[in-house]
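Some notes on the structure that comes next.
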Amino acid sequence: MSFGNSSDNGGESFSISEISIPRPVRFWLMLLCDIPSVVCSFFLIIHIIMNRNHRHALHNHTIFLILIFNLPIQLIDISFFLIFFSYGSVQPSQPFVCLLWWFVDNGWYAGGLVLMAWLAIERHIFIFHDRLLLNRRGRFLFHYLPLIIIVTYILLFYLIVVFILPCENDYLYTVPICGGSPCYESYGILGMWEFIVNLSIPILLEGITSIALILRVQIQRRRLRQSNQWRGQRRMINQLLLVSSLNIGINFSGTVLLIAHLYGLPQEYGAEAQLYYFFLDYNGDYIYFYVRTYNLTTNYTDPNWMLLFLNTDANYTTGWLGYDFVINRNVRSSQETSLERNNASDSYIWTKIADISYAMKGKELELMIPRKLLAIPASYVTIDFKWADNIQQDGTWSDFTLNGDSAPPDRFNFRAQLN
């Protein structure tokens with residue numbers, strides 16, 4: 001099955017993105033959604049600024065900042081995606097463009113998540129502890145100061161880790177977001193800090209606090225039997241629930257799964273590697289396979305680590321489930337692994353034919369395979385391939401569905417057509 005999209009780079013490359021929707025379709029979907037989104041954001045921002053009552057209403061300030069934090073994503077992040085979908089590469093292909101894209105895509109997105117978490121907490125203060133905000137000192141301590149701290153922290157953190165941190169970045173201009181792997185993610189504890197403090201805790205906190213607000217309001221209404229007292233707060237509650245439900249729905253499940261893996265959930269439950277980007281590049285002598293995972297890859301010494309299955313003849317009556325070769329079943333070192341050929345059709349029996357080179361850094365893995373080892377002709381050829389991490393290698397197709405993580409899932413494959 002053809003799964004993904006191709007782009008030419010001087011006639012010598014083929015790339016596959018993480019999404020199966022064709023790039024022209026993604027371009028128009030993103031553009032048609034972004035235009036009304038930008039118009040709506042500017043309308044709300046101008047409305048809050050121009051209307052004195054709305055401008056001075058404390059419960060609008062966090063919403064205003066969330067709108068401001070979303071603007072760079074709508075104007076810069078989405079624009080870079082549209083350019084990539086149009087040209088098939090990052091344009092202009094310069095390091096500063098990648099750094100700016102990472103700063104906006106990671107930093108302003110994380111800022112929005114943290115502000116959403118504070119919005120949920122702040123509603124408790126407005127509804128149940130409004131006396132804290134009656135004087136100037138209280139308003140500064142419990143309203144303005146938290147917002148100042150959040151905005152300052154997010155901007156300083158991402159300015160430092162993206163632009164100033166002394167580490168070496170890899171700029172991949174042929175994949176979205178330049179590969180989406182700034183070096184700070186594998187620099188000390190910064191990657192884990194970002195995942196836990198800037199992403200996971202805000203999402204979980206927002207969910208828990210929003211649910212607690214609903215329960216708390218219902219309990220207070222029944223206890224006091226004064227429903228009229230809560231009608232004035234209904235707008236703030238509905239506002240929070242409307243914004244939070246969409247945000248939590250998109251981010252909550254994946255975050256919980258990743259946290260569960262950190263605390264010992266067996267990797268066969270859910271996605272261990274959560275394969276993210278994949279592409280293939282080739283020249284006359286070598287074929288290169290690249291993969292980027294959502295979270296840090298495990299150690300190469302782990303069993304069943306990052307297997308790559310290849311169907312090099314587009315014939316599904318040969319090999320195991322059509323796969324003629326497998327890579328990484330027996331990894332020799334941090335730089336060398338094995339290439340094995342299937343020698344019994346429909347059986348999970350493999351014979352090593354050569355050692356090949358690979359490189360791994362943080363969330364990225366790239367393999368270099370001599371073209372002659374795969375017996376691939378210089379003319380037009382089709383290769384179907386699948387990445388699989390932490391499957392149990394029991395020799396059945398259901399292994400891709402029941403265990404570990406596979407990309408694409410189940411019996412699907414990515415297809416590369418080489419000219």
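The values are calculated or read from the model by the stated rules, or taken from the named source; none is laboratory data. Small disclaimer: the values here were computed from a predicted structure and weren't measured. All Cβ positions, glycine included, derive from the backbone under ideal geometry; neighbour counts span all protein chains shown. When the accessible area is computed, the model is the full protein with side chains, heavy atoms only, and any ligands, DNA or RNA have been set aside. Shrake-Rupley method; radii C 1.70, N 1.55, O 1.52, S 1.80 Å.
Which percent of the Cα-Cα distances in segment 286-418 go past 19 Å? Counting every Cα pair in segment 286-418, those more than 19 Å apart make up 46 percent.
When 140, 103 are compared by accessible area at a 1.4 angstrom probe, the order from most to least is 140, 103. Ordered by 1.4 Å accessible area with all protein chains kept, 124, 47 run largest first as 47, 124.
Among residues other than residue 410 whose Cβ falls under 11 Å from its Cβ, what is the net charge (Lys/Arg +1, Asp/Glu -1)? Working shown, then result.
Details: positive: 386, 411; negative: 399.
With Lys, Arg at +1 and Asp, Glu at -1, the net is +1.
Can you give the net charge of the other residues whose Cβ lies under 11 Å from the Cβ of residue 73, counting K and R as +1 and D and E as -1?
Overall, the nearby charge balance is -3.
Rolling a 1.4 Å probe over the protein heavy atoms gives segment 286-418 an accessible area of 42 Å² per residue. Surface listing: 109, 323 arranged by accessible area from highest to lowest gives 109, 323, probe 1.4 Å.
Accessible surface for residue 193 stands near 110 Å², nearest 10, in the context of the full protein assembly shown (1.4 Å probe).
Ignoring ligands, DNA and RNA, please state the percent of accessible area on segment 286-418 from carbon and sulfur, probe 1.4 Å. All intermediate terms of the calculation are to be shown ahead of the outcome.
Numbers: 2710 of 5560 Å².
Carbon and sulfur: 49 percent of the exposed surface of segment 286-418.
Projecting the Cα atoms of 349, 416, 393 onto the charge dipole of segment 334-419 (Cβ charges, centred on the Cα centre) puts 416 farthest toward the positive pole.
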